[in-house]
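Could you have a look at this structure, given as structure tokens, before my questions?
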Amino acid sequence: HTDVIETDAVIVGAGPVGLFQIFELGLLEIRAHIVDSLAYPGGQCIELYPDKPIYDIPAVPVCTGKELTDNLLRQIEPFGATFHLGQEVTVVDKQDDGRFAVETSKGTRFLTKTVFIAGGVGSFQPRTLKVEGVEPFEGTQVHYRVKTPADFAGKHLLIIGGGDSALDWALNFCAANADGNPHKAESVILMHRRDDFRAAPASVAKMRALCDAHEMQLIIGQAVGIDERDGQLTGLKVAGNDGVTRVVPCDQVLTFFGLSPKLGPIADWGVALERKQVVVDTEKFETSVPGIFAVGDVNTYPGKKKLILSGFHEAALAAFGAAPHVFPDRRVHLQYTTTSPKLHKVLGVE
Ligand code: FAD
């Protein structure tokens, strides 16, 4: 058993909004601990687009996802929040004294007066192939991501999907794509449910040219079953758009149906949800459980837009909303960082 950490606030999620929540709480002298399941702060900005430019942060004409994260980390430095990374918050449980017992997957335990859910879109999980009998082959012959391209060299591949991942990997493993590619497959069949692709037009054109040259094959159809022999997957049963079901033989199936966000443990904390998002008011961004607030992409309210700038505003009002829970006897007033000696003191800029 580790010691229980007593604190004013625990922030779940260290994306841009969770990070800025530290700042807004800090101005009100509310101490915070922050937890993220990723090993680094920054959320989607770091995980999905560290080098892409963002143009709609007020007064910052352009910055990358990484620059935004670095600047937020610098801005919150004065408040000395404690980071607990590489661990997921699994439990949030209201106690009799009104505080919350919070636990992470690594066994870190908190007793906190308030909780701020800044979990974004949660953790991304690949959409799976929904075909009976496929589970035993997942990870061995049916894959949702390519970890080691070399595993697929020299194999007969069936690649399913119509987006960039499916097309990119199909082209990559296609024998004719021989510009130094060391991981050529023996054969590549691309399958999509209709002859219309979401992928980049240049990739689609390349794919069609390779099909015309008989270097790869395109099938329009949908997997409806598996073909197996002696515990090995030998192919998929595919319903074509001519209504006929045929067996498409293959050694390995690579499925790219995109990622779907999974809310994860947040769904079990007793806060009201609507379409997998946490319902909040727009005065304090408080959830249906007093003392638990939700900010950023994870919340929903009339007119919600999933923008970083909206999350920053929400974090400011949530901090004021939380103040009475932390300081029941204190009246909290709005002060300007420009002119307030008190804020200069907490910011360490006296
Ligand atoms: P996130 O950034 O999603 O961070 C949430 C964090 O919570 C994650 O790190 C996750 O690991 C963690 N987490 C979730 N559940 C738990 C748990 N139980 N325990 C511990 N940790 C947990 N927005 C703009 O305003 N302008 C743009 O130009 C822009 N461009 C974008 C481009 C792309 C390609 C993408 C994908 C998004 C873009 N966005 C943009 C959207 C913006 O990134 C999001 O609005 C923003 O990241 C939301 O921040 P957040 O802190 O709410 O959540």
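The values are calculated or read from the model by the stated rules, or taken from the named source; none is laboratory data. In this text the structure is predicted, and so the values were computed from the model without any measurement. A quick note on method: Cβ atoms are made from the backbone with ideal geometry, for glycine too, and the neighbour counts reach across all protein chains shown.
Take residues that are closer than 30 Å to TYR301 by Cα and tell me which of the strands (runs of 3 or more DSSP E) falling wholly in the stretch 210-279 contain 3 or more. Quick ask: steps written out before the conclusion?
Working: elements: 217-229, 232-240, 245-249, 252-255, 259-262, 277-279.
Fully inside the stretch 210-279 and qualifying: 259-262, 277-279.
What do you reckon, is THR128 within 30 Å of PHE312 (Cβ to Cβ) and touching a residue at least 40 places away in the same chain (Cβ under 8 Å)? Spell out how you get there, then give the answer.
Details: within 30 Å of PHE312 (Cβ to Cβ): no; touching a residue at least 40 places away in the same chain (Cβ under 8 Å): yes.
No.
Go through the stretch 1-21 and give me each residue that's buried (at least 24 other Cβ atoms within 10 Å of the Cβ) and farther than 17 Å from ASP297 by Cβ.
Pass one, the stretch 1-21, residues buried (at least 24 other Cβ atoms within 10 Å of the Cβ): 9-21.
Correct list: ALA9, VAL10.
Here is a further query. Residue check, LEU273 against (1) surrounded by 13 or more Cβ atoms within 10 Å (Cβ to Cβ); (2) touching a residue at least 12 places away in the same chain (Cβ under 8 Å), all met but one. Which one?
Condition not satisfied by LEU273: (2).
Listed residues GLY15, GLY80, GLY98, GLY26; which is of a type outside the set (A, V, I, L, M, F, W, C), in contact (Cβ under 8 Å) with a residue 60 or more places away in the chain, on the phi > 0 side of the Ramachandran plot and assigned by TED's automatic domain parsing to the domain that holds ALA267? Step through it out loud before you land on a result.
On the way: GLY15 fails: on the phi > 0 side of the Ramachandran plot; GLY80 fails: in contact (Cβ under 8 Å) with a residue 60 or more places away in the chain; GLY26 fails: on the phi > 0 side of the Ramachandran plot.
Just one listed residue meets the conditions, GLY98.
Restricting to helices (runs of 4 or more DSSP H) lying wholly in the stretch 5-80: which have 1 or more residues that are modelled with pLDDT under 95?
Working: elements: 16-27, 44-47, 65-76.
Answer list for the stretch 5-80: 44-47.
Now for a separate question. Please go through the stretch 295-312 and give me each residue that is surrounded by fewer than 18 Cβ atoms within 10 Å (Cβ to Cβ) and near the ligand (Cβ under 6 Å from one of its atoms), ordered by number.
If the condition is that a residue be surrounded by fewer than 18 Cβ atoms within 10 Å (Cβ to Cβ) and near the ligand (Cβ under 6 Å from one of its atoms), then LYS306, LEU307, LEU309 are the ones that fit.
In the stretch 277-303, what residues are of a type outside the set (Phe, Trp, Tyr) and either touching a residue at least 60 places away in the same chain (Cβ under 8 Å) or not assigned by TED's automatic domain parsing to the domain that holds VAL17 (or both)?
Restricting attention to the stretch 277-303, the residues satisfying the condition of being of a type outside the set (Phe, Trp, Tyr) are 277-284, 286-292, 294-300, 302-303.
Result: VAL278, THR287, VAL289, GLY291, ILE292, ALA294, VAL295, GLY296, ASP297, VAL298, ASN299.
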